[in-house]
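To keep things clear, I will list the structure first and then write my remarks on it.
The values are calculated or read from the model by the stated rules, or taken from the named source; none is laboratory data. Please read all numbers here as calculations on a predicted model, not as lab measurements. Cβ: placed from backbone, ideal geometry, glycine included. Neighbour counts: every protein chain shown.
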Amino acid sequence: MSFPRASGILLHPTSLPGRYGVGDLGPEAYAFVDFLAAAGQTLWQVLPLGPTGYGDSPYQCFSAFAGNTLLISPDRLIEQGLLRKQDVTDAPQFPSERVDYGPVIEYKHKLLWHAFESFKRTTDTTLRSDFFTFSQQAAAWLDDYALFRAMKDVRDGAAWHKWERPIVARDAGALKAAREHLHEKIEARKFWQFLFFKQWSTLKAYANERRIKIIGDIPIFVAHDSADVWVNKHLFKLNEDGSPRVVAGVPPDYFSKTGQLWGNPLYNWERMRAEGFRWWIERINAMLHEFDILRIDHFRGFAASWEIPGGDKTAERGKWVAAPGRELFTAIREALGELPIIAEDLGVITPDVEALRDDFGFPGMRILQFAFGGDTKNIDLPHNYHPNLVAYTGTHDNDTTVGWFNSEAGAGSTRNAAQIERERNFCLKYLHTNGREIHWDFIRTVFASVTNTALVPLQDVLGCGHEARMNLPNSTSGNWAWRFRKRALTNKTRDRLKELAELYGRNLPAESSNTSAADN
């Protein structure tokens, strides 16, 4: 579908400021929405909001349906009477510009238990009724997820395929006994999900009231150690013991001699087809209630996936295996209507992927940082853009624009000194700039382009360097931790963004366009 001309900011909620060690859905999130509105922006893109597992990555979650309870705001819980002010007076002195996940998880988990204990004692009938309603409406995924997390908690976090065989096999008697034994832990997990979705839906409504739509990110694959795989083993390519028979990744290329080994289990598309793609329809439907627009990561995997033997240590021995993307999206569209989806189509994209994307009208992506490594036919150069695209200065997987521009050979770079210098000179010439404010040059360029949608990571708005990079693909530590300081969003920055949005027609009301994602 075609989106109205608009612009916005890419910022994951964990990167918001605040005193609890990680950004959350409290006052600073509302202040950020106010900043976006005052700056003439109408889009806020976030990364996946699921409960993070391995490496704290939002792309490796314990559930494709649940929310990340680390984002629950203690301040909002105090307002509800579920926490007392004295419960947070002993908050540790967390770093202000990085998330130290271990201590933060321990601290916030303690607060969530306090909130649950308060809930058990409450006489607030509205709160109890709201929780009951949520539990009933979300039961299709919530019951199994809460049980899954409770069982992980009492098994020191062990992956589900390492549990006792009756539990792995989901024997009815074993599950009934587990639910009885872990009743309180299960109820706590359900209650925390209720709190997350209550806070998120309230924040989203606040944003929508201010003409700001939320773009949510959906990983194409799910984590092996997730409730999704444990509950739906038949929908994935697994061995008899539950371990992955094949896993996802991408083949060797210019950026990696051994490819990228992601480790996610791959879908058993035949079984999915036999069930009418029910699981995917339910997943997309849930995400359309959570977000206004969806960005699907690794869209090319709907045409074919790189399947790697489950025991391999690199992605070199994989092979391309076709996927029924056309059937899948037809089924989803028939069930849910027109889909406000952005296709992440980066990398080497084949004609079948382009046809799948274009036939369903999904806009693809262009990254300005990728524009200067080739010749004038490079699709990431703005003169080669067309309206049904989403243009980025960079994404969460790239270095910041300032970091990219100032990069040097070595230190993990895939480019040599000559390549870097050639790209830098081409960039300066193309943008007709001296590079002193390269981040604003990039922002102006994507805003001025013909693409309907322009998005900028907040790091680029703030002119941050390497230190603010969100993720380095194919690495396992030090990612997803960046946060900005409370007073970083100045009036000067707000006004510059607003001026560009107005100058290039990106702050028009959504109703001025014939097509609005919110209408679907």
- Message: Checking ALA66 against (1) farther than 29 Å from ASP399 by Cβ; (2) surrounded by fewer than 24 Cβ atoms within 10 Å (Cβ to Cβ), only one condition comes out false. Which one?
- Response: (2)
- Item | Search result, residues across region 244-253 that are hydrophobic (A, V, I, L, M, F, W, C) and either modelled with pLDDT of 95 or more or assigned to a loop (DSSP other than H, G, I, E, B) (or both) | VAL246, VAL247, ALA248
- Total residues in region 1-32, condition out of contact with any helix residue (DSSP H, G or I) (no Cβ under 7 Å at 6 or more places or on another chain), among the aliphatic types (A, V, I, L, M) and closer than 28 Å to ASP90 by Cα: 1
- Being under 15 Å from GLU423 (Cα atoms) and of a type in the set (Phe, Trp, Tyr) is the filter here, so list the residues in region 348-394 that pass it. PHE370, PHE372
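ASN264 - would you say it is in a helix (DSSP H, G or I) and either of a type outside the set (D, E, K, R) or more than 30 Å from ASP34 (Cβ to Cβ) (or both)? Walk me through how you get there before you give the answer.
Numbers: in a helix (DSSP H, G or I): no; either of a type outside the set (D, E, K, R) or more than 30 Å from ASP34 (Cβ to Cβ) (or both): yes.
For ASN264, the condition - in a helix (DSSP H, G or I) and either of a type outside the set (D, E, K, R) or more than 30 Å from ASP34 (Cβ to Cβ) (or both) - is not met.
Looking at this structure, is PHE277 without any contact (Cβ under 8 Å) to a residue 40 or more places away in the chain and touching a helix residue (DSSP H, G or I) at 6+ places or on another chain (Cβ under 9 Å)? Lay out the reasoning, then the answer.
Numbers: without any contact (Cβ under 8 Å) to a residue 40 or more places away in the chain: no; touching a helix residue (DSSP H, G or I) at 6+ places or on another chain (Cβ under 9 Å): yes.
Against the criterion (without any contact (Cβ under 8 Å) to a residue 40 or more places away in the chain and touching a helix residue (DSSP H, G or I) at 6+ places or on another chain (Cβ under 9 Å)), PHE277 does not qualify.
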- Candidates LEU70, LEU47, LEU43, filtered to the one that is without any contact (Cβ under 8 Å) to a residue 60 or more places away in the chain and among the aliphatic types (A, V, I, L, M): LEU70
- Message: So in region 89-122, with the set limited to residues that are more than 19 Å from HIS12 (Cβ to Cβ) and among the β-branched types (Val, Ile, Thr), which one is surrounded by the most Cβ atoms within 10 Å (Cβ to Cβ)?
- Response: THR122
- So, in region 357-393, of the ones that are among the β-branched types (Val, Ile, Thr) and touching a residue at least 60 places away in the same chain (Cβ under 8 Å), which residue ends up surrounded by the most Cβ atoms within 10 Å (Cβ to Cβ)? THR393
- Query: Among the residues of region 41-53, is any modelled with pLDDT of 95 or more, farther than 30 Å from ASP228 by Cα and out of contact with any Pro (no Cβ under 7 Å at 6 or more places or on another chain)?
  - Reply: yes
- Message: Please go through (1) closer than 18 Å to PRO219 by Cβ; (2) at pLDDT 95 or above; (3) of a type in the set (A, V, I, L, M) for ALA355 and return the number of the only condition it doesn't satisfy.
- Response: (1)
- Exactly one of PRO473, PRO457 is closer than 15 Å to GLN369 by Cβ, crowded, with 22+ Cβ neighbours inside 10 Å, in contact with a strand residue (DSSP E or B) (Cβ under 8 Å, 6 or more places away or on another chain) and not aliphatic (A, V, I, L, M), and that residue is PRO457
- Hey, could you check region 484-518 for residues that are modelled with pLDDT under 95 and surrounded by 14 or more Cβ atoms within 10 Å (Cβ to Cβ) and say which is nearest to the chain's Cα centre (by Cα)? ALA517
- Message: Residue under question is GLU338, and the condition is that it be of a type in the set (Asp, Glu) and under 22 Å from the mean Cα position of the chain (by Cα); does it hold?
- Response: yes
- Checking ILE420 against (1) over 26 Å from PHE362 (Cα atoms); (2) touching a Lys or Arg at 6+ places or on another chain (Cβ under 7 Å); (3) of a type outside the set (Phe, Trp, Tyr), which test does it fail? (2)
